[in-house]
Structure formats: structure tokens, C-alpha cells
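So the structure is just underneath, and the comments pick up after that.
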Amino acid sequence: MNGAELLVRALENEGVERIFGIPGEENLFVVEALRKSSIQLVVTRHEQAAAFMAATYGRLTGKPGVCISTLGPGALNFSTGAAYALLGAMPLILITGQKGVLSSRQARFQVVDVVASMKPLTKLTRQIVSPKMVPTVVREAFRVAQEERPGPVHLELPEDIAAEEGGEVAMVPPHDLDLPVASAEAVDRAAAMIAAAERPLIMLGAAASRPRSTADLANFVIRTGIPYFTTQMGKGTVPGGMELYLGTAALSERDYIHEAIERADLIITIGHDTIEKPPFVMSSHGAKVVHVGYQPATVEQVYFPQAEVIGDMGPTLKILADRLEGNLPNAKALIYLRRGIRARVADRELEDRFTPQRIVHDVRAVMPPDGIVALDNGMYKIWFARNYRPEVANTLLLDNALATMGAGLPSAMMASMLYPTRRVLAVCGDGGFMMNSQELETAVRLQLNLVILLIKDNAYGMIRWKQAIDRFTDFGMTFGNPDFVKYAEAYGAQGTRVEGIEDLKSILDDAFRKGGVHLVEVPIDYSENERVLVRELAQRLPVVEDNQ
């Protein structure tokens, strides 16, 4: 077998079923090997979208997604996807081609040092220089990508190595990655601090959403009875409808959820990753923090825990719950704030206007518990983070780490491929959507069932809002748009424009029932940004306390 065939055999050995990407001259041997394999090649219209799709596969399954590109410009188009997976802790394998390394018949044409460019964006980057090293290099790539903290690994296969015969080389069998449980001393120390707290609070962060951990997290919350809130990327880790859920920290301070944070004397942060925008800012006079995670805390100016419990979070939390269950007389000390916080956040969600609150409310109404909403990045993301309550883990996919525009549609496409019988909705602003809108063709070609909610304000809305509150002149943020209904139809998708807010739910529901790819365009009234997120929160009134 040649190097390309060995590579594909090694990928099959890892259980890879799909590879996303765009073929090029330098990876034709790999493409031919894929043609003869059990692996599906999913051709996208841009390498960035391929990387987003593969990263989302990793996020939802815990197993590395795989994407492929050619050299130079194709490989560099993976850069944003690599950073998306690195900051978001998503296991991902990026495979790129390269000119021959044993000869240089085309000199330096299209040659970029991709291995060097990927070094700061990946956990590991390697060039394969011999066919015989392929099985071990691939096994190592998958191990590194999947172990905590998960992330991207880059492999470069030059075209002459891909073509070179390597004979029969034994594959390396995959093995499970078992993590150690936290030490008894760390668990005892944390248990003592939690038991002594008068107003304890739990925070669930990005790492809490790992597929391997969600059930154990829910059991820990139930057994301790301590109220909890989440970061943006921790949403849905424990079902949002649970009676102990207080809300989500969509902002770093001054929101209504921060009433609970400010009153807590101890916060148990589970799976917090400081790569996220801070859900709260620690100070020397604030609550003590117990950090529970797969890895030690990264000490930052805004985050410096007083105790750490490090190990496989599921088994560790079970042991910690064994110590605490029945021994927490003050567990529910902050639960009286729950009704007031939720009432403030849900304020005006039924107004007859295209407000963000109303849009989120109507989306929640048409999405079943297992329905998946994939957000692009824009002002609406803050409103979904505050107002949308997931009922099943990993059913609200948002990026609060790299926070890149253009990822919403590819992420939703991957979710639809993995879960074809579930409702999947991409929520995109007109700015972010146009960055990867060409993938409508890919979605139609793959015959996906997918609805895109296109929020139109003819501007880069979040930056325009920031420009306004910082008292800059309104400048450089607006643009024109195509007729999105006709644009969708040009790709073979269906398109609908919402004229009245009272029609949004029925239009979305009808789009899901029809199946296929459907774009629904809706305007938005962003005056609520100023009213709520600036003026109201600046004068934040105490929440109504519930003593029941």
C-alpha cells in the first residue's frame, strides 16, 4: 500500500466514517484511497466550513472529527477552524497536502510552511515523511486530540510520501483513555469548604458539557440540592427546566443572575475554562471558589480558586456527592432568588414586536426537548444565552471561546447529519451567514433536514451596539443584502420571509414539517439592547424574592 492508502486504512482503524473538505492536486492519492474505502468524503464549498463541521462532530460525540485540504491556500483556510476547535476544546484532525519533500519539480509554487503556521493553533502538528510511520502517527494524533483538554491536531502528508509504496504495515489498535480520579485529600478539603458554606452556589462551565460527563453532573446537582447557574458554553449540561437552575451568565457582571453570584459565599465551578468570556469577576472580597475540573485551573486576574479538585469529573463528583449528600443544611440558601431572576430575564418576551426576547421565546416553543439550536455569533447570541433554556445536554450550540462568525450554518449541518430525525435550527445574523452561505449548496446536496433562521438587521449588529454604548459615531457597520428568499431558492433550498411576529412560530413549525433545507428570514428590533443591557442593568433593581 502507498502512503495515502495507509493513511485511509489508519483512519478506518480509528472508526472514522466521514471526512469533510475540498480535494486538491496534492491530495489526489488520498482522494483515490478514500474512493475505495468505507469512509464518506463530504465535499464542502470552503475549507473553513469543513473544519467547523468536523469540530462540531468532535464536540457532539467526543471523538475527533476529520477534515482534509490541499496545500497552501486550502490549508490556510483551516486556520480559523483550528482555532475554533483549540479554544472550544473540540477534538479535531486536520489533514493537509503538500508538495513533494523528496524532490521539488515545481520549486516553491504554493508552498507555505503549514506545519509552522499550525503550531500555535493546534495541540500537535507533524509532517509525515515516510509511509511506514503513518499508523503510529495517526494513532498518536487521535490520542492527543481526544485526551483532556481536547483539541485539534494537524498532519501534513506530502504528495510524494502519499504515492510512495510502504508495503503492509500493521495498524495500531485504539485504546480507551482512562482518567485518574481526584485525590481523597482534595475531595475532603473541598467537601469541608462546601459543608461550611452558608450560601453555596454551583457554576457549570464549558468542560461540563463533555458527552462523557453530563449524567454524573446532573446527579451531583440533584444529590447536593445546591442551586446552579451556567456559563454560555455550559448551558444545558443539566436540564434547564430543573427547579435548581437559576440562569446563565451571558454577561460578565451586573445581570440579574449576578444577584445570586454576589450573595454567594462559595461557588463550586465545575468544568470552568477561562477561555470563555468571564461569567463573573472574582475579587479579594468576593466568594471563595472551589474549582472542579479535568485539569488544574488557569489562574487569571478574574479567576483564582482557593481549592481545586482535579480528575475525571464524573467519578470525582460521585465521590464528592457521597461526602456531601444529607450534610448540607444551607444547600438551598439562594433558591429564593430563582423566581425573581427568571421573571426579570423573561420580561417582555411576549411583546408583539420582533424583539430578541420574543424571537427566542418562539424558537423555544417550536423546538422539542431534543431539538438542536446552533448559533452563529452576533448580538442575538447574548439573548439566546440569557433566555433560552435547554432541556437536554448539548442542544444549544454556541461558541463563547473563539466566538467566530460563520460557524453557525456548518455546525447545524453537522448536527443534522448526526441526528437526522431531530429538529435542527441554525440561527445566523446576516453578517455571519454570508461568511459561509455557500454551504447551502452542500446542505441541499446532502439532502439534510435543516432550518436556518436568518436574523436581518443589515449591519454588524453587536459591534454597532458596542460602538454606540462607547459613544463612538455610528460608522462603518452597515451593508446591503441580497434577497435572501431568492438566494436560498437559487441553491435549491426553500425560503420564507416573516412579515409579522405572530407568524414566526407557525412558519418555523411548517418549515420543519416540510423537511429539506429551509431559510426563514426575520427582522429584529435591537432597541432592546440599549433598554435592557445598558439602561435597565445599570439601574438593576433587586429581584423579587421568593420565600416559598
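Each value in this text was obtained by applying a stated rule to the coordinates, not by laboratory testing. Quantities reported herein were computed from a predicted structural model and do not represent experimental measurements. Reconstructed Cβ throughout: ideal geometry from the backbone, glycine too, with neighbour counts over all protein chains shown.
So if I take the centroid of the Cα atoms in the stretch 265-282 and the same for the stretch 294-308, what is the distance between those two points in Å? Taking the Cα centre of the stretch 294-308 as reference, the centre of the stretch 265-282 is 9 Å away.
By DSSP, the beta bridges lying fully in the chain are antiparallel in about 5 percent of cases. A simple charge model with +1 on the Cβ of Lys and Arg, -1 on the Cβ of Asp and Glu and nothing else charged puts the dipole of the chain at about 360 debye relative to its Cα centre.
Rounded is the label for the stretch 184-341, because the ratio a/c of its alpha-carbon gyration tensor axes (a ≥ b ≥ c) stays below 1.5. Residues of the stretch 54-70 with the amide nitrogen closer than 16 Å to a label point 7 Å from the Cα of L41, along Cα-to-Cβ, please. Counting backbone N atoms under 16 Å from the label point, the list is 66-70. For the stretch 336-412 versus the stretch 464-508, the spacing of their alpha-carbon centroids is 17 Å. Among the GluC sites (Glu not before Pro) within the stretch 95-180, those in coil by DSSP and having at most 14 neighbouring Cβ atoms inside 10 Å are E147, E168. Inter-label distance, D509 to K318: 4.2 nm, where each label sits 7 Å from its Cα along the C-beta direction.
The loop-placed GluC sites (Glu not before Pro) in the stretch 459-508, going by DSSP, that have at most 13 neighbouring Cβ atoms within 10 Å of their Cβ come out as E499. Counting 0.36 nm for each residue step from S130 to D113 and taking away their Cα separation leaves a gain of 4.3 nm. Structural descriptor for the chain: relative contact order 13 percent, calculated from alpha carbon pairs under 8 angstrom and at least 6 residues apart. Of the trypsin sites (Lys or Arg not before Pro) found in the stretch 30-76, those in coil by DSSP whose Cβ has at most 13 other Cβ atoms within 10 Å are K36. Here is how the number arises for the chain: DSSP H runs of 4 or more residues each give -39500 (n - 2.57), the sum is divided by the residue count, and the result at 222 nm is -10000 deg cm²/dmol. Taking only alpha carbon atoms, the stretch 346-534 gives an Rg to Rh ratio of 0.94, where Rh is the Kirkwood radius. Between the residues I319, N219, V309, the greatest Cα displacement towards the positive end of the dipole of the stretch 184-341, with unit charges on the Cβ of Lys, Arg, Asp and Glu, is found for N219. Pick out, from T395, Y228, L155, the residue whose Cα sits farthest towards the positive end of the charge dipole of the chain, with +1 on the Cβ of Lys and Arg and -1 on the Cβ of Asp and Glu. The Cα lying farthest towards the positive end belongs to Y228. Label point of A170 set 7 angstrom out along Cα-Cβ; within the stretch 134-158, amide nitrogens under 14 Å from it belong to 135-136. Hey, if you drop one equal point scatterer on each alpha-carbon of the chain and run the Debye formula without solvent, what base-10 log of I(q)/I(0) do you get at q = 0.06 Å⁻¹? Log10 I(q)/I(0), no solvent term: -0.31.
Amide H to amide H distances under 5 Å link A307 with V289, H291, where only residues 5 or more positions off or on other chains count and H is placed in the peptide plane.
Modelled this way, with points 7 Å down the Cα-to-C-beta line, the labels at A184 and Y336 are 4.0 nm from one another. Spin-label model, Q306 to A192: label points 7 Å out along the Cα-to-beta-carbon direction sit 1.3 nm apart.
The overall shape of the stretch 295-390 is prolate: from the C-alpha gyration tensor, with semi-axes ordered a ≥ b ≥ c, the ratio a/c is 1.5 or greater and a/b exceeds b/c. Placing unit charges on each Cβ (+1 for Lys and Arg, -1 for Asp and Glu) gives the chain a dipole about its Cα centre, and among V522, Q357, T61 the Cα reaching farthest toward its positive end belongs to Q357.
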